[in-house]
Every structure is written in C-alpha cells, then in structure tokens.
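**Q** One structure coming up, written as structure tokens, with questions to follow.
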Amino acid sequence: MPDAFHARITAELADIDAQGLTKPERVIQSRQGPEIQVGGRRVLNFCANNYLGLAGDERVVQAGIAAQERWGAGTASVRFICGTLEIHKELEHAIADYLGFEDTILFAAAFDANGGIFEPLFGAEDAIVSDSLNHASIIDGVRLCKAKRYRFANSDMADLEAQLKQARADGARDIIIATDGAFSMDGYIAKLGEVRALADKYDALIMVDDCHATGFLGPQGKGSFAHCGVKVDFVTGTFGKALGGAMGGFICATKDVVALLKQRARPYLFSNALAPAVCGSSMEAIRIASGEEGDKLRSQLFANAERFRGKMAEAGFNLLPGEHPIIPVMLGDAKLAQDMAARMLELGVYVIGFSFPVVPRGAARIRTQMSAAHTFDQIDEAVEAFIKAGLELGVI
C-alpha cells in the first residue's frame with residue numbers, strides 16, 4: 001500500500017491520542033465477575049454489563065459446555081442453507097415466551113438485530129421516527145432502510161409528537177417509533193408510557209431496543225416496556241448482557257413479522273447461526289432470570305445501585321440522576337476521564353472512561369455499572385477509591 005496511506009493512519013491515531021480519546025484494551029485473565037484479574041492482580045469490576053452476575057455463573061457455564069458437547073462448535077453455515085439446530089428453535093421459544101411475544105428471530109449480535117429490522121419491513125412510503133440518543137446500531141439500521149427519517153430530541157415528547165405530525169403530513173404509509181428502552185450512556189429509561197400514547201394517537205408502531213433492560217427491568221425482568229406497563233410491537237435485545245453475558249441478539253415480534261424477517265433480513269441470511277454454546281448458556285440464564293432467583297438478583301442489583309449512588313453523591317461527585325444500575329460519573333474532559341480510569345485501576349477498581357464519539361464532546365465520563373454479584377463491601381471499597389482518585393485529580 002502507498003506510504004501516504006500509512007502516514008495518514010499514523011497521524012490520525014496520534015491525533016486521537018493527543019485529544020485523550022484513545023480507548024485502551026485491557027486484558028482480563030479470569031472469568032467475568034465482580035472481581036477479575038487484570039495485569040496479574042485482583043481488581044473490582046465496575047464496568048461490565050453483567051447485571052445479574054450470570055456471566056461467570058457455573059450453571060450458565062456448564063449449560064454452554066453441555067450444548068457444545070451435544071451440538072458441536074457450530075453449524076458452519078447460515079441457517080437457511082443448513083444451519084438451524086433444535087437448540088436454536090428452543091432458544092427462540094424461550095426468549096419469546098419470557099418476554100411475551102409470539103416469535104423470535106436470532107442474530108449473531110444485537111447490532112445485527114438492529115441493523116436488520118428496518119429495511120425488510122419498511123420502504124420509501126414509510127417513516128422512521130428515531131430518538132436522537134439511540135444506539136449506533138439503530139442509527140445504522142435506519143440508514144440501511146429507504147424509509148423517510150425523522151429524529152426527535154432524547155425523550156422529548158413534544159418533539160416526538162411534532163415529528164409524528166410531520167410524518168403523517170408527509171403522507172407516510174406506516175410509521176415506526178424507534179427508541180432505546182434504557183439509554184446505555186446515561187442510564188435514562190425511555191418514557192414508554194408517553195410514547196405509547198402518542199403512537200396510539202398517530203397510529204404508529206413502536207420498536208424498543210432493550211439490551212440494557214432485558215433480564216432486570218420490570219416484573220420478572222421482562223424489560224423497559226414491562227417496567228412502564230405498556231405493550232410494544234418489536235423488541236430487540238441481547239444475550240450478551242444480563243442474560244448470560246456471551247453474545248447474540250434477537251428480535252421479538254409477531255409470527256408473521258418474524259417469518260418475513262427470516263426471508264429478508266440480510267444479517268440473518270448472511271451470518272452463521274448462533275453458536276450452540278451461546279444458546280445453551282442463554283437458555284439457562286433465561287431460566288434463572290425468569291424465576292424467584294431472578295427476583296432476588298434484581299432486588300440486590302437495585303439495592304447495590306442505590307448504595308453506590310448515595311455514597312458517591314454524598315462524596316460530591318456529579319452523577320446523572322436516575323434509577324438504572326448504569327450510573328455515569330460526569331467529568332466533562334476526555335483526558336481527565338482517561339486519567340481517572342487509569343488511576344482507578346491503580347487503586348484496584350476497573351472502570352472505563354467514555355468520551356467522544358461514544359458520548360458528545362464535553363460530556364466525558366466514567367460509566368459505572370452495578371451488578372447483583374457486587375457486595376456492599378465491594379461497593380464501599382470502590383467508592384473509597386473514587387474519592388481518593390477524585391481528590392488527587394481535582395474532581396471533588
């Protein structure tokens with residue numbers, strides 16, 4: 001390749017680093033959990049999406065091993081050619097039954113689920129009205145679709161109504177409102193009750209990305225729509241967070257919608273079927289999450305979030321308000337966020353600094369995430385480390 005190309009790439013990387021925007025990869029030497037091994041030493045983990053603490057749970061691990069022993073490493077193909085196993089159908093039924101939908105389609109990743117939902121279902125005659133803070137995967141999925149695009153300010157119901165009015169005035173055939181159920185950078189929960197009312201008023205469909213809600217929000221952990229007490233038309237989600245922590249995504253909808261997606265959704269048609277081990281682990285996680293043990297884990301998760309939030313606020317940190325176990329510690333400056341994360345690791349707490357383009361410029365932060373597996377002692381230890389680092393760096 002031309003030398004000029006390599007020089008440009010090197011310069012761009014140097015610029016990213018100079019702005020404090022480099023996102024380091026740290027190697028974990030243990031199972032995921034509230035405590036992990038990083039750099040040969042024990043550290044407390046406060047940045048994983050391991051909401052129910054099931055990623056390293058022995059039952060979840062063994063269920064994955066058993067599935068792989070029975071079904072092998074994978075199908076070596078996409079499903080419509082020769083790739084559907086019984087365990088894929090079992091997982092589809094398990095997640096659909098858990099969340100209260102007719103059917104489910106599985107994807108290799110939740111990014112693929114959001115990337116594949118819009119284009120097969122909506123055309124140039126239709127409209128997609130999308131929240132401005134939706135996950136990048138929704139944004140990319142909307143871009144792949146020919147439907148007319150409208151955007152409303154994050155959880156701004158007046159703006160949502162204005163966009164719905166405009167879409168109707170523009171003659172849209174079908175309108176779909178697309179929103180995260182819980183916004184991953186802020187921990188805000190979507191106002192789905194108000195969204196539902198506006199959808200009914202303007203005869204619109206609702207699609208919710210519940211990656212940061214399935215398993216722990218709402219009754220039995222059924223998600224943000226259950227938390228808000230409403231019904232929605234499509235739910236996308238993941239097995240890579242609360243439900244086992246592996247990977248894989250899904251769309252829950254009616255049988256006919258799922259049937260059409262299986263004929264037309266490109267990420268489904270052209271990606272290998274989900275690995276059997278992921279299916280086995282995910283089904284065991286669903287079993288745990290949907291039962292009485294799941295209720296206990298959810299109770300502990302939110303007790304942990306309340307304790308951490310209270311102690312950090314008392315110490316003088318700037319936190320975004322909310323009830324979600326995502327608790328952002330706002331710092332503003334990208335380099336400060338990276339320095340804070342590095343110092344926290346030295347103090348034995350693994351957290352990550354988030355900065356542009358993951359969050360808006362000037363809104364850099366440490367995004368902490370609680371788990372049901374954390375103990376109060378671990379939370380208190382993390383808060384003490386935050387206070388020490390915060391004093392040293394002038395944050396508090």
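The values are calculated or read from the model by the stated rules, or taken from the named source; none is laboratory data. This is a predicted model, so every value here is computed, not measured. As a convention, Cβ positions derive from the backbone with ideal geometry for all residues, glycine included, and neighbour counts pool all protein chains shown.
**Q** Any chance region 354-367 includes a residue that's part of a loop (DSSP other than H, G, I, E, B) and more than 16 Å from residue 20 (Cβ to Cβ)?
**A** First, the residues of region 354-367 that are part of a loop (DSSP other than H, G, I, E, B): 355-363.
If we keep only those that are more than 16 Å from residue 20 (Cβ to Cβ) too, we end up with none.
The answer is no; no qualifying residue exists.
**Q** Has region 73-87 got any residue that is farther than 30 Å from residue 369 by Cβ and either acidic (Asp, Glu) or not assigned by TED's automatic domain parsing to the domain that holds residue 185 (or both)?
**A** For region 73-87, residues farther than 30 Å from residue 369 by Cβ and either acidic (Asp, Glu) or not assigned by TED's automatic domain parsing to the domain that holds residue 185 (or both): present.
**Q** Report every pair of residues separated by at least 6 positions or lying on different chains whose Cβ atoms are under 7 Å apart, first residue within region 210-225 and in contact (Cβ under 8 Å) with a residue 12 or more places away in the chain, second β-branched (Val, Ile, Thr) and surrounded by fewer than 24 Cβ atoms within 10 Å (Cβ to Cβ).
**A** Pairs that qualify, where the first residue is in contact (Cβ under 8 Å) with a residue 12 or more places away in the chain and the partner is β-branched (Val, Ile, Thr) and surrounded by fewer than 24 Cβ atoms within 10 Å (Cβ to Cβ), are 212/326; 224/189.
**Q** Residue 29 passes all but one of (1) closer than 30 Å to residue 213 by Cα; (2) in contact with a Lys or Arg (Cβ under 9 Å, 6 or more places away or on another chain); (3) surrounded by fewer than 21 Cβ atoms within 10 Å (Cβ to Cβ); which number fails?
**A** It is condition (2) that residue 29 fails.
**Q** Of the numbered conditions (1) farther than 16 Å from residue 34 by Cα; (2) modelled with pLDDT under 95, residue 352 fails exactly one; give the number of that condition.
**A** (1)
**Q** Of everything in region 188-223, what is on the phi < 0 side of the Ramachandran plot, assigned to a loop (DSSP other than H, G, I, E, B) and under 15 Å from the mean Cα position of the chain (by Cα)? Give them in sequence order.
**A** If we filter region 188-223 for residues that are on the phi < 0 side of the Ramachandran plot, which is where we start, we get 188-202, 204-214, 216-217, 219, 222.
Add one more test, that the residue is assigned to a loop (DSSP other than H, G, I, E, B), and what stays is 188, 190-191, 202, 204, 210-214, 216-217, 222.
Scanning region 188-223 gives 188, 190, 210, 211, 212, 213, 214, 216, 217, 222.
**Q** Test each condition in (1) free of Cβ contacts under 8 Å to residues at least 24 places away in the same chain; (2) more than 23 Å from the chain's Cα centre (by Cα) for residue 139 and report the one that comes out false.
**A** The number of the failed condition is (2).
**Q** What is the number of the single condition among (1) in contact (Cβ under 8 Å) with a residue 24 or more places away in the chain; (2) under 23 Å from residue 16 (Cα atoms) that residue 342 does not meet?
**A** The single condition residue 342 does not satisfy is (1).
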